[in-house]
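Working notes, beginning with the structure itself.
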Amino acid sequence: MDFDYLVQQKSINLLGKNLYDGDLDVLVKVLRESKVLEELWLDHNRITLADGKLTDALAENRTLRRLDLNSNATGNEGAKRLSDALKRNDSLHVIRLGGNQIGDEGGKWLADALKCNNTLQYIDLGSNQIGGEGCKWLSDALKHNNTLEVIVLINNQIGDEGAKSLASAYVVNKALREAYLSSNNIGDVGAKSLAASLLANGSLAKIVLAENNITDEGGKSLGNAARCNRTIEYLSLDRNLISDRANALRCNHAMNNRFDDDDVEQEIKNILEDLGGALQSFMEETIEENARLKEEIANGDEELESEDKQVASLKDIIDLSGGKNEASTKRPRAEESNLATIQRKNQKIVRIKQEKEAAEANLEDVREDLDIEKETVEHQLRATDVWQRRFDEIANLAKDGPVDTAMIAEIRNRSLVGGS
């Protein structure tokens with residue numbers, strides 16, 4: 001690599017060059033010193049980020065807008081280093097990390113970064129073996145993040161549990177515009193949760209749910225929710241288990257035919273009930289987690305107290321034996337045994353304290369989630385009230401005869417924020 005040439009480039013394309021971390025020293029220097037570099041393409045190489053050189057340079061860089069690392073070998077350790085960099089970087093808008101086997105653990109590290117990063121707008125985490133647990137961490141981050149506009153999670157393993165976690169985030173998040181969730185083993189349970197969240201969401205414009213396990217039941221919920229939502233422009237349910245082609249098309253294009261069915265009022269009420277049930281489930285799970293962590297901390301306190309008493313007792317034994325018959329040949333062995341036991345106890349105390357600190361940190365996160373979910377329930381209640389008043393208004397107009405389509409559209413499009 002020619003440093004003098006690369007440092008002057010706005011875009012550097014090193015796609016498919018079979019590069020390892022040890023081949024990037026010149027590029028690291030470019031990242032540290034360039035004043036113009038905006039795009040860096042490193043897809044289809046063998047980069048792990050293990051030595052931290054590239055991520056450290058990224059943390060300091062203030063010009064790069066796009067970083068492509070698709071199909072490398074970062075794994076969860078590389079994701080951790082990248083997370084640390086993203087917490088400090090304030091220029092990057094797009095990062096693509098598809099096909100890096102970061103798993104749930106890597107998803108957790110990147111979620112930590114998303115909670116505090118305020119410049120990233122697009123993240124691609126497709127084909128990364130992320131399951132429901134990793135999706136839960138990412139969903140929690142979306143509840144805090146207010147800049148990310150596009151998230152790509154295609155070809156992962158988030159399932160219904162991951163979809164439910166995302167649904168809880170969509171109710172709160174006001175920035176996300178596009179979500180790509182194809183090939184994630186999402187079924188009707190997850191689809192209904194996502195449908196329910198769309199009634200409160202006011203930012204999503206595009207959701208892609210192709211190649212999942214959604215049947216007519218889940219598809220109907222999503223289609224009706226899309227017709228009620230005022231921002232959704234595109235919903236894809238291609239290659240699911242929707243048996244009726246007409247029904248599939250109706251779901252895919254539902255946003256173009258809002259409020260045209262006689263039973264739409266009941267359908268929306270059903271979706272609102274689904275939302276209420278989903279939120280109640282989220283609340284119950286969080287409260288249970290809160291109680292479990294409190295119990296874990298209390299048990300840790302009891303265990304620490306017990307260990308402290310045992311260590312003190314052993315020290316007393318050693319002190320007492322020190323003043324008696326020093327000629328005894330058995331005493332040194334006994335004292336060595338007691339000292340070794342004390343050392344093990346002290347190590348155990350350190351471990352218990354670390355576990356307790358981790359539990360306390362988790363408890364604080366759960367408390368924050370609980371506050372957010374309480375706010376989510378309030379959002380849902382407001383949405384329910386707003387929709388009920390809209391139905392009542394349409395019903396009153398219908399008493400005088402057929403209601404004009406334009407009038408129905410005007411009532412539907414009123415902002416939820418305004419509460420009308």
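The values are calculated or read from the model by the stated rules, or taken from the named source; none is laboratory data. Nothing here was measured: the structure is a model prediction, and the numbers come from that model. Methodologically, a virtual Cβ is constructed for each residue, glycine included, from the backbone with ideal geometry; neighbour enumeration extends over all protein chains shown. Accessible surface is based on the protein model in full, side chains and every heavy atom, while ligands, DNA and RNA are left aside. Shrake-Rupley method; radii C 1.70, N 1.55, O 1.52, S 1.80 Å.
Counting 0.36 nm for each residue step from Glu38 to Ser91 and taking away their Cα separation leaves a gain of 18.2 nm.
Spin-label model, Lys206 to Glu295: label points 7 Å out along the Cα-to-beta-carbon direction sit 4.6 nm apart. Across region 52-84, the residues whose backbone nitrogen lies under 12 Å from the label position 7 Å along the beta-carbon direction of Met1 are 53-55, 57-58. Put Glu178, Glu161, Glu149, Glu233 in order of accessible area, highest first, and with a 1.4 Å probe you get Glu233, Glu161, Glu149, Glu178.
What the Cβ-Cβ distance of Arg177 and Glu60 gives, at R0 = 25 Å and to the nearest 0.05, is a FRET efficiency of 0.25.
Counting only heavy atoms of the protein chains and using a 1.4 Å probe, His44 has close to 100 Å² of accessible surface. Segment Thr119..Asn146, full-extension length gain: 8.8 nm, with 0.36 nm per residue of separation and the alpha-carbon distance subtracted. On the beta carbon distance between Val26 and Asp238, with R0 = 51 Å, the FRET formula returns roughly 0.70. Between Lys10 and Thr215, the C-beta separation translates, for a Förster distance of 60 Å, into a calculated FRET efficiency of about 0.80.
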